Amino acid sequence: MPADTLSHWTNVWTSKRPEETSWFEERSEESLRAVERLGVGADARVLDVGGGASRFVDGLLERGHTNVAVLDVAAPALEAAKARLGARASHVRWIAGDALEPSTLSALAGAVDVWHDRAMFHFLTDEAAIARYRDALDRVLAPTGRVILATFAPDGPEKCSNLPVSRHDAESVVRALGTGFRIVDTWRTVHRTPWGSEQRFAWCILARS
Ligand SMILES: C[S@@+](CC[C@H](N)C(=O)[O-])C[C@H]1O[C@@H](n2cnc3c(N)ncnc32)[C@H](O)[C@@H]1O
């Protein structure tokens, strides 16, 4: 990741409260429903990639999940989530680092049952970055693992957090990830930002092919 990307996200998370970001959700209902669709047990190893200060982790803990990790390049985002969770934060594995950097996820090789990414993948706009994402995913996802991926849809915004994004549907996600994955399910949602504008998202569940 370029140094300016790290400083961009660190700056975002130190200058805004989570509730002031466009991607804020009071409850991560769509993500939690997607996990339910998978029918995994409470001990499934869930990794929230680019999780920021999302409340997805809160919902997982409320549902009894015991094996949750949250990864983000911006340490202040994880600190905000930890502060919100209080004592419950100790039940979560927190990983501050670049998801595209092999060393960040080396401890999780083959050990992720559910890879969840809401609104991180779409920041990858060049083939080299997508290849590094694909390698990271391939290294950590268990053979029977599932991927829950939500990106801006083809008719979604062209920018997020003032950065250009690549917009996708499930087919283009799978094309980008190469031949190793197949679509299990796909659907669309409309996210409403805290200031009321609409953002169209494409969701998909993928499995190894
Ligand atoms: C639009 S926010 C979405 C946050 C969260 N997933 C949610 O739905 O609320 C994107 C997040 O991805 C993180 N991020 C961006 N690039 C990253 C990378 N290469 N590795 C890890 N985190 C990254 C940012 O710090 C930010 O928290």
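With the contact rule set at Cα under 8 Å and sequence spacing of 6 or more, what percent relative contact order holds for region 166-209?
After rounding, I find 42 percent.
With the Cα gyration tensor of region 127-171 in hand, give its eigenvalues times 5 under a square root as the equivalent ellipsoid semi-axes, listed largest first in whole angstrom.
Working from the Cα gyration tensor, I get semi-axes of 24, 13, 9 Å.
Pull out a ≥ b ≥ c, the square roots of the eigenvalues of the alpha-carbon gyration tensor of region 96-209, then state rounded if a/c is under 1.5, prolate if not and a/b is larger than b/c, and oblate in the remaining case.
Verdict is prolate for region 96-209.
Farthest toward the dipole's positive end in the chain, which of L78, T5, I205, given Cβ charges of +1 (Lys, Arg) and -1 (Asp, Glu) about the Cα centre?
In the chain, that residue is I205.
Quick check on the exposure proxy: order C204, C160 from fewest to most C-beta atoms within 10 angstrom.
Starting with the residue having the fewest Cβ neighbours, the order is C160, C204.
Let a ≥ b ≥ c be the square roots of the eigenvalues of the Cα gyration tensor of the chain; is it rounded (a/c under 1.5), or, if not, prolate (a/b larger than b/c) or oblate?
Taking the square roots of the gyration eigenvalues as a ≥ b ≥ c, the chain is rounded.
Taking the beta-carbon count within 10 Å as an exposure proxy, list R27, R146 from fewest neighbours to most.
The order, fewest Cβ neighbours first, is R27, R146.
Counting only DSSP beta bridges with both residues in the chain, what percent are antiparallel, rounded to the nearest 5?
55
Taking the beta-carbon count within 10 Å as an exposure proxy, list R88, R118 from fewest neighbours to most.
R88, R118
Give the calculated FRET efficiency between A107 and R200 to the nearest 0.05, with a Förster radius of 35 Å applied to their Cβ-Cβ distance.
Efficiency, from the Cβ-Cβ distance: 0.45.
How many percent of DSSP beta bridges within region 99-209 run antiparallel, rounded to 5?
Beta bridges within region 99-209, antiparallel portion: roughly 75 percent.
Could you please report the charge total around E198, scoring K, R as +1 and D, E as -1 over all other residues with beta-carbon less than 11 angstrom from its beta-carbon?
That works out to +1.
From Cα pairs below 8 angstrom and at least 6 apart in sequence, can you work out the relative contact order of the chain, rounded to a whole percent?
19
Could you sort 133-144, 67-78, 185-196 so that the peptide with the highest average Cβ count within 10 Å comes first and the rest follow in order?
Highest-to-lowest ranking by the protection proxy: 67-78, 133-144, 185-196.
Counting Lys and Arg as +1 and Asp and Glu as -1, what is the net charge of the other residues whose Cβ lies under 12 Å from the Cβ of G50?
-3
Whole-Hz Karplus ³J(HN,Hα) for region 157-168, in order, using 6.51 cos²θ - 1.76 cosθ + 1.60 and θ = phi - 60°, x for Gly and Pro?
For region 157-168, the Karplus-derived couplings read x, 8, 9, 9, 6, 6, 10, x, 10, 9, 9, 9 Hz, x marking Gly and Pro.
Only the coordinates and a few stated rules stand behind these numbers; no lab work does. Small disclaimer: the values here were computed from a predicted structure and weren't measured. Quick reminder, even Gly has a Cβ in these numbers, built from the backbone with ideal geometry, and neighbours come from all protein chains shown.
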